[in-house]
């Protein structure tokens, strides 16, 4: 089922599922927050979408920034969970072995317990649990996809980095983290990246989440090379190879990169787009199978077999770090929204 954004988004805010905090959702090793938007008239066996905010953000900010919980949950009958963290400049833990390991603890285990709470309370469908996020939330999407493949069916990543890229880093924020990954200096083979994913859950032999990956070519906060590394990682995990590009898909200036038959891994490269890649809810919901065919929708535009050009410019680290520090301080002081 396809839908038009204009027609779908006219639902009044009065009828939208409100964001409600839950404090008793189970074990919470790192004391993170759970907020949920659950429509009053849920269908039987509803899907769940976990949506994770960027550094400097919050659950409430991300709820207002995208339309998953604020409008679309009511229209399409699913549950939206918005986790929140206040540590390390409000960045998710993507560095510790606890968070990177199945049932290891920290943020990842807390978020999974939020999902288990919703599955139990609302009778949700365990086969239709999805996750998405921007920047730090995108990084956490990859962490959860690697450490808890038994929980999540698919993910949509906006400006992220591969699972395990920050492993062992002193922190996960632009101020505390080892900058090598954000600078695109962690370059590995697909097999090396896949080995890291498999080590997150030793002995697991089931399926891994289908992954949709978005990045801007002009992103100098998390370099475009990180998209290249993400694609290596997840295409290897799923055993699919690059098949084709589809230009101007899903919109002008974006290139869809299809791997295999396009049902397990797809990527979207935004030409000239910076660190903030707007969430395309329709394409994400199609990918999740809540709308559309569950494989990213129908690509448009001409097809080519060459990969899109990589950016050749970069922002010097000292200047970038100073700018990020100033942005973070401003955000913490003024509660403004930033995308890091």
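The values are calculated or read from the model by the stated rules, or taken from the named source; none is laboratory data. None of these values were measured; they are calculated from a predicted model. Cβ sites come from the backbone with ideal geometry, for glycine too, and all protein chains shown count toward neighbours.
Things to note:
- Taking the numbered list (1) closer than 24 Å to residue 175 by Cβ; (2) surrounded by 23 or more Cβ atoms within 10 Å (Cβ to Cβ) in turn, residue 88 passes all entries but (2).
- Here residue 195 does not fit the description of being in a helix (DSSP H, G or I), more than 18 Å from the chain's Cα centre (by Cα) and buried (at least 18 other Cβ atoms within 10 Å of the Cβ).
- Helices (runs of 4 or more DSSP H) enclosed by region 9-104 - at least 2 residues per element that are over 30 Å from residue 202 (Cβ atoms), within 16 Å of the chain's Cα centre (by Cα) and touching a residue at least 40 places away in the same chain (Cβ under 8 Å): 59-65
- Residue list for region 271-288, filter: under 20 Å from residue 65 (Cα atoms) and assigned to a loop (DSSP other than H, G, I, E, B): 273, 274, 275, 276, 277, 278, 279, 280
- Residue match in region 206-213 (condition: surrounded by fewer than 16 Cβ atoms within 10 Å (Cβ to Cβ), farther than 20 Å from residue 159 by Cα and modelled with pLDDT of 95 or more): yes
- Tally of residues being under 24 Å from residue 178 (Cβ atoms) and free of Cβ contacts under 8 Å to residues at least 40 places away in the same chain across region 204-233: 1
- Restricting 143, 157, 151, 112 to those that are surrounded by 18 or more Cβ atoms within 10 Å (Cβ to Cβ), within 18 Å of the chain's Cα centre (by Cα), without any contact (Cβ under 8 Å) to a residue 40 or more places away in the chain and not in a loop (DSSP other than H, G, I, E, B) reduces the list to 112.
- When we screen 80, 95 for residues that are buried (at least 23 other Cβ atoms within 10 Å of the Cβ), at pLDDT 95 or above and under 27 Å from residue 286 (Cβ atoms), the only hit is 80.
- Taking first residues from region 116-134 that are on the phi > 0 side of the Ramachandran plot and partners that are in a loop (DSSP other than H, G, I, E, B) and surrounded by fewer than 16 Cβ atoms within 10 Å (Cβ to Cβ), the Cβ contacts under 9 Å between residues at least 6 apart in sequence or on separate chains come to 123/44; 123/45.
- Just one of the listed residues (184, 171) is surrounded by fewer than 24 Cβ atoms within 10 Å (Cβ to Cβ), touching a helix residue (DSSP H, G or I) at 6+ places or on another chain (Cβ under 6 Å), part of a loop (DSSP other than H, G, I, E, B) and modelled with pLDDT of 95 or more, namely 184.
- The residues on offer are 202, 179, and the sole one that is part of a loop (DSSP other than H, G, I, E, B), surrounded by fewer than 18 Cβ atoms within 10 Å (Cβ to Cβ) and touching a helix residue (DSSP H, G or I) at 6+ places or on another chain (Cβ under 7 Å) is 179.
- For region 237-270, a residue qualifies if it is under 17 Å from the mean Cα position of the chain (by Cα), in a loop (DSSP other than H, G, I, E, B) and more than 25 Å from residue 196 (Cβ to Cβ), but none of them does.
- If the condition is being surrounded by fewer than 20 Cβ atoms within 10 Å (Cβ to Cβ) and closer than 26 Å to residue 80 by Cα, then region 263-274 contributes only 263.
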